[in-house]
Amino acid sequence: MITASYGFLGLGALLGFITLLLFIIKTDKNEKQITLSIKELNSINEMSLMVGLVLLTVGNFLGGVWANESWGRYWGWDPKETWALVTILVYAVVIHLRFLKSLYSEFNFSVISLLSFTSVLMTYFGVNYYLAGMHSYAKGDPVPIPDFVPVTYSILAIVILLAFRNRKIV
């Protein structure tokens, strides 16, 4: 169930990235059509994030039941459990951002839905390889951070900066 939630949250990150690309290519000539596409993609993105958040939350509760059956405790503040909670809280903030009218915009939602996926990556990969716990493989030598990670974050930063100049929606 948790892995299924990662699919929906990943889809939200992908839709956020595509929306930022639409912000980049927006001009005065195509502004009406691009704006409509941005709003539609953000609506689909929000629905995807809601499904992902529900699946993640239910999966986390079921994980607690499984942990009680396996280890005799529901919650032990293991790094995986803690990061699963962090991811739930991050996406709860993302979903509820629309209620803060001073902070919400189509651009901000796209950026935060893209960047919030880093908490999923930390929960799935980071905990397993960099933190020691019952769910990890980090008992021995530390694994170096792959070379593609800084490159990926640099590309994301460039895309966000390029999209920033066209962030206003009429």
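The values are calculated or read from the model by the stated rules, or taken from the named source; none is laboratory data. The structure presented is a predicted model; accordingly, all values stated were derived computationally and were not measured. Note that each Cβ is placed from the backbone with ideal geometry, even for glycine, and that neighbours are counted across all protein chains shown.
If we only count helices (runs of 4 or more DSSP H) wholly inside segment 60-170, which ones have 2 or more residues that are closer than 21 Å to Y6 by Cα, modelled with pLDDT of 90 or more and not hydrophobic (A, V, I, L, M, F, W, C)?
Working: elements: 79-96, 106-115, 117-121, 127-130, 148-164.
Qualifying helices (runs of 4 or more DSSP H): 79-96, 106-115, 117-121, 148-164.
Which residue pairs have Cβ atoms closer than 8 Å, lie 6 or more positions apart in sequence or on different chains, and pair a first residue in segment 141-170 that is under 25 Å from S102 (Cβ atoms) and in contact (Cβ under 8 Å) with a residue 12 or more places away in the chain with a second residue that is small (G, A, S) and surrounded by 10 or more Cβ atoms within 10 Å (Cβ to Cβ)?
A163/S110; R167/S105; I169/S105
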